[in-house]
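Step one of this worksheet: look at the structure below.
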Amino acid sequence: MVILQKFPKEKHAAPLPTARGIRRACNKELYRTIKRLKIYVPPGKAAEAEKLYFRKVVGNLLWIHENGSNRKLLADWFDEEVAGEIAALWNIDKEALSRAFRDAFGG
């Protein structure tokens with residue numbers, strides 16, 4: 001008797017995160033960044049930055065998922081793709097935002 005086995009799942013392959021999970025992660029990362037900046041960001045501007053960050057992450061989801069274990073690379077991506085727009089939105093220095101994000105994110 002022959003038993004057919006299904007293809008085994010890859011040992012360390014994780015599924016892509018859900019939209020809810022991505023949104024919560026973006027919220028947490030920006031909240032921690034604001035705390036390290038020690039500035040007041042109005043809730044409306046924080047929500048707008050979160051939406052912007054969420055859209056950028058979803059747009060590059062496959063690349064971000066593949067490099068999820070490399071925090072330095074992800075922080076570099078944030079600096080290049082997101083930091084400038086959020087810094088302009090919050091009227092702060094891009095370099096200060098990048099440093100605070102790296103400190104909060106661990107990259």
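The values are calculated or read from the model by the stated rules, or taken from the named source; none is laboratory data. Everything quoted here is computed from the prediction, not taken from an experiment. Every residue, glycine among them, receives a Cβ derived from its backbone with ideal geometry; neighbour counts consider all protein chains shown.
Couple of notes before you dig in:
- Extreme residue, surrounded by the fewest Cβ atoms within 10 Å (Cβ to Cβ), among residues of segment 75-107 that are at pLDDT 95 or above and assigned to a loop (DSSP other than H, G, I, E, B): ASN91
- Restricting attention to segment 87-107, the residues that are within 16 Å of ARG55 (Cβ to Cβ) and in contact (Cβ under 8 Å) with a residue 40 or more places away in the chain add up to 1.
- Among residues of segment 48-61 that are assigned to a helix (DSSP H, G or I), those with a Cβ under 7 angstrom from a residue that is surrounded by fewer than 14 Cβ atoms within 10 Å (Cβ to Cβ), sequence gap 6+ or separate chain, pair up as LEU61/LEU16.
- Of residues in segment 47-84 being of a type in the set (Gly, Ala, Ser) and farther than 13 Å from LEU97 by Cβ, the one nearest to the chain's Cα centre (by Cα): GLY68
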